[in-house]
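Right, one structure below, let's go through it.
Read-outs: derived from the displayed coordinates by stated rules, not from any lab. As the structure is a prediction and not an experimental result, all values here were calculated from the model. Counting neighbours? That spans all protein chains shown, and the Cβs are built from the backbone with ideal geometry, glycine included.
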Amino acid sequence: MKRASALELEKLLGVRDSNTYGIYIGFQQIADCIGPTKIGRTINVRALQRGRSQGGADWWFYSFWPLSSREETYSVEAELKKSLRAYKSKGNQNQQELYALSLSDAEALVSQTLGASIL
């Protein structure tokens, strides 16, 4: 399974410790257990990874689509939410970015809207 850390993603993007606007598909992992697919927007991949890695989980980016601004992350995410509405999954803690899709199926659907990812 492909996966990348925030540092690996920053290296691919050619940035370090700065704003990294984009749409991601990712997942949490504890030992061999993989959590549900998450699809969302971010303005900083390192901060996102730090927040998602709480409680002993490892956070991995599966796919990433870079965008040019914070505003663009909101508009693209809104478009994706509409197109993925049928796959929305409500988490136990009312998480908003969970989807009942495999990582590869999520990537295929998001790619239809956004084109190829960098991961």
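Listed values, structure above:
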item: Range of Cα positions in the chain per principal axis (Å), largest first; result: 34, 32, 25
item: Within straight-line cross-link reach of K81, lysines at Cα separation under 19 Å, skipping those fewer than 8 residues along the same chain; result: K38, K90
item: Sites excluded, trypsin sites (Lys or Arg not before Pro) in DSSP loops with at most 14 other C-beta within 10 Å, longest stretch of the chain; result: 17-89
item: Relative contact order of the chain, pairs being alpha-carbon contacts under 8 Å that are 6 or more residues apart, as %; result: 30 percent
